Each structure stands twice: as C-alpha cells, then as structure tokens.
Amino acid sequence: MDDITGILHSLSSEIEANDAELASSFYQLEEYYDRKLYHQLSESLLNIFQNPNSAPIRLQLYDNFISLFAKKVNQLQYVEFLILALNGSGLTPNDSLQYLTQAKDNINNLFTISQEQDINDYELIQALLLVDLKLATVKLQCGFVDEASSIIDQSEKQLDELICSIESSVMAAFHYAKAQLMKTHGDFNAFYTNSILFLECVDNLDLLENKDLIIQDICIAGILGDKIYNFGQIINHPILSCLKLTWLKEFLVCLNTGNIETFELLSNHFNEISEISANVEFIKQKVCIMALIELIFNKPSNSKVISYKEIEDEISFISNSDEVEHLIMKCLSLNLLKGVLNQVDEEVEISWIQPRTMTIEQISTMQKKLANWTEKTRDVHAYMAKAGEGLYV
C-alpha cells in the first residue's frame, strides 16, 4: 500500500503546478483502491484521463497503477484507458504494439474463463474488438497493411454478428481504422465516408489527437472524391474550427455552394497541397456540378424548368450549350438529380434533387422559401374565402 501511495503522490506532484484540482483527485484514487471500490475507481480514473492536463502522466498511471487491478474493472474501459495512455505518449508504433498485444492476451485469458463458465460476455467481446482495431491502426502506421486489413475485415464481420448494443468507442475505432486503411489505398470516397462516421461516434472531441491533420485529410478527400457532392456534415461539425488552413475551410464552403468567384480567388493556394494542385481540372468540374445543384436548389418549387442559357450565365466555366448538356448528363449519371432534357428548346425539367445535409446558410434559404410558401397559402385562403361569400349550402 505504501508503494501505491508513493506512486500516486509522485504523479500528483508532476501535474500539481498545471492543475491543482486534478492533482487533488489522486487522493480519492487511493481510497477507492484500498476499499476495492473498482467501479468508483474506474469513474475517477476516467475523469482524470479525460482531462487534457493528465496527458503527460497517463502512461505512468497505466503502468504503475491501473495494471495492478486491470482484471477487476470493466475490460472495455480498461482498453480505453490504455488507448488514451498511448495517445501522445511519444512511444514508437512498435512499442505501442507491445502494449496492445499484452492487453489483448490479458483479455483473452478472461474471455477463455468466461466461455468455460458458459457466460456470453459482450463486454469482453467488445474489449477484444477495440484492442484489435487499435492494433490494426498501429499496424498501418508500421506499414503492415495486409495484417491490418485482415484484422479490420474480421472485426467488421464480428460487429455485424453482434446482437447487443455496440459501444460508440468501438464503432469509432472501427471507422477510424477503416478510414486509415482506405487512405493507404487512395480511396477518397471510402476514406471520407468512414471519417464522417468516425466523427459521429466520437463522444469527446477534446480527447482526439491531431485534430488539425484529421480534418485536413477529410477536407482533401471530400474535395477529390468523385462520389462526394455534399459537405454539409463536415461544414457543420465542430472539428472544422480546428483546421489551421483557413483558405481550405473557405474553399470547402465555396465548393459546397458552387461559388465560382470564390473558387477562383482561392485557386492561388492550390499549390500548397499537392493532391489538389494535381487535380485542378476535376475540381473545376466538381464546382460546376455544385453550382448547378445550388441553382436548382434555390429555384422555387413551381419553377424547375431551367434553360441552358440560364445555366451558362450562372456558371462562368461553361461557354456553350454542349457543355451545359454534358454537365446535366454528368449530374444525372451521378444520381444527383433526375429530370428530362429538351434538346430542341435547350432546357431541362428537374423532377428530383438528391437530399443533402444543409449548412446554416442553406437552412436560412429554406426558411425563406417556407415563409414565402406560407404567405402564398394565406393569399389563396383569403381569395377562396372571398370568392365563396355568395355561395349557400
């Protein structure tokens, strides 16, 4: 017990200068440990680990304290403690692999015992899934792509077969690992989709490492993905504020609305990101598609017949009716909209546009449309009431 007291006192002293309140919480840990109140101990540890000021001492706390009673606590939480301890620890990927492999062995031993006792322990199953998915992520960092891919595929099958509610931390780990695998394959669409799902599963954004790099990669993937034509989810997400490249944030917003004027102003920055500078022509086509979608979106519901001339005037990158027609057909092939082309009159009648996540500005536009519709409804109601005054039943 004296050793535990000394360890906790030493760790408390290390962070006392930065966060006295956090340092004082270490005394509570000793009491819970002494009384074997492992649930309360886990909750206190979680509060400590979720405090950013605890980052420098998390791995020491894991090595010298948590490992002493690891079998006594919720195993899913145990893995989460380890992952948080490894994040920002400065360890090499190979060192992290050793920690994770040891944790997996520990959980497997408990899992074997639970199976012998005929216990269907979903806590252990999800703990194993979480540690496996973290292993896959670290293996990708080490360049072991095939091994990581095999782990991710197996984990996906297990997740599909689970009949219990899956913890958000497990789903976050899965989508993050899948996104990183897709990044190694250069699949922008799958990387973007899995990254969005990953962010939706993250409970505490403050604990996320390298937020700037994560959001930068997501933005680049969204811009270059040939099946991604809506950025509302990422524009509305708080992580976008972590992006240090201000121009990239502005560019994503302008691309979402097809703002060609802003596109041209920001094009001077394209050379800062090699993937973007190498795909300028594709991005030009994409901004034209988004401009057409925005034009249709802003049209009144009773005015969905649009002339080629109007589209040509709206989109400056287009110079003739053939290019307008090609753009419309591209949108139809991508299933972004449905409609009928009239080549004789050079117009298109739009019957459907793909639903998308709207930004605050687009919601404001929709609000104005609803207000306009409400006003027209009142006018019709007033007209019908007046016109029917002379009618008797």
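The values are calculated or read from the model by the stated rules, or taken from the named source; none is laboratory data. What you see is a predicted model, and the numbers here were worked out from it, not measured in a lab. Neighbour counts are summed over all protein chains in view; Cβ atoms, including those assigned to glycine, are modelled from backbone coordinates with ideal geometry.
For the reader, a short list of remarks on this structure follows.
- Selection from region 52-86 of residues that are surrounded by fewer than 17 Cβ atoms within 10 Å (Cβ to Cβ) and more than 18 Å from Ile107 (Cα to Cα): Pro52, Asn53, Pro56, Gln60
- Looking only at region 210-232, residues that are closer than 20 Å to Thr246 by Cβ, touching a residue at least 12 places away in the same chain (Cβ under 8 Å) and of a type outside the set (A, V, I, L, M) come to 8 in all.
- Restricting Leu68, Leu97 to residues that are in contact (Cβ under 8 Å) with a residue 24 or more places away in the chain and closer than 20 Å to Ile48 by Cβ narrows the list to Leu68.
- Out of Ser150, Ser155, sole residue that is part of a helix (DSSP H, G or I), surrounded by fewer than 20 Cβ atoms within 10 Å (Cβ to Cβ) and out of contact with any Cys (no Cβ under 9 Å at 6 or more places or on another chain): Ser150
- Filter result for Ser277 (modelled with pLDDT of 95 or more, under 28 Å from the mean Cα position of the chain (by Cα) and among the hydroxyl-bearing types (Ser, Thr, Tyr)): yes
- Subset tally (residues that are under 28 Å from the mean Cα position of the chain (by Cα) and modelled with pLDDT of 90 or more) for region 54-88: 19
- Residue in region 19-42 that is within 36 Å of the chain's Cα centre (by Cα), surrounded by 14 or more Cβ atoms within 10 Å (Cβ to Cβ), among the small types (Gly, Ala, Ser) and outside any helix (DSSP H, G or I) present: yes
- Candidates Leu341, Leu295, filtered to the one that is in a helix (DSSP H, G or I) and surrounded by 14 or more Cβ atoms within 10 Å (Cβ to Cβ): Leu295
- Filtered residue count, region 179-206, keeping only those that are crowded, with 17+ Cβ neighbours inside 10 Å, over 12 Å from the mean Cα position of the chain (by Cα), farther than 21 Å from Asn335 by Cβ and not polar (S, T, N, Q): 3
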